[in-house]
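The values are calculated or read from the model by the stated rules, or taken from the named source; none is laboratory data. Worth saying up front: this structure is predicted, and the values here are computed from it rather than measured. We place every Cβ from the backbone using ideal geometry, glycine too, and count neighbours over all the protein chains shown. Accessible surface areas use protein heavy atoms only, side chains included; no ligands, DNA or RNA. Shrake-Rupley method; radii C 1.70, N 1.55, O 1.52, S 1.80 Å.
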Amino acid sequence: MEKLGFAPLLHAMKRRGEPLFPLVCALISYRLTENFSVEGCGRWLESKEVRQEIGMRNVISHRMLNRAIDRMGEGMPEVLAHLRHSLL
């Protein structure tokens, strides 16, 4: 995600509260390892060690993760354009 330059793009999509970039990284990491629900990802992020690895300070609820998914959906055209540009 960092090598593709997603941090600035996702930061611009959400300005208040927990930054969007670590939330998206957490969702992707969880999905690649556990492959359960968003609520399960929220439980996974209760671990201080996991949050530190991802770069989060606060406990993250599954509601915050759902809002991050909604925000990504709203910005999907920009995300896909950025991904295409980064890969090509």
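The table below gives the values:
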| read-out | value |
| --- | --- |
| Unique match (being of a type in the set (A, V, I, L, M) and out of contact with any helix residue (DSSP H, G or I) (no Cβ under 7 Å at 6 or more places or on another chain)) among Ala12, Ala26, Ala7 | Ala12 |
| Among residues of the stretch 5-28, those that are surrounded by fewer than 17 Cβ atoms within 10 Å (Cβ to Cβ) and of a type in the set (D, E, K, R), counted | 2 |
| Selection status of His82, at pLDDT 90 or above and either open to solvent by less than 100 Å² (accessible area, probe 1.4 Å) or over 14 Å from the mean Cα position of the chain (by Cα) (or both) | yes |
| Criterion (of a type in the set (A, V, I, L, M) and assigned to a loop (DSSP other than H, G, I, E, B)) met by exactly one of Val79, Val59, Val50 | Val59 |
| When residues of the stretch 29-77 are limited to those that are open to solvent by 100 Å² or more (accessible area, probe 1.4 Å) and touching a helix residue (DSSP H, G or I) at 6+ places or on another chain (Cβ under 9 Å), the one farthest from Lys14 (Cα to Cα) | Phe36 |
| Selection count where residues are under 14 Å from Met64 (Cβ atoms) and part of a loop (DSSP other than H, G, I, E, B), scope the stretch 13-36 | 5 |
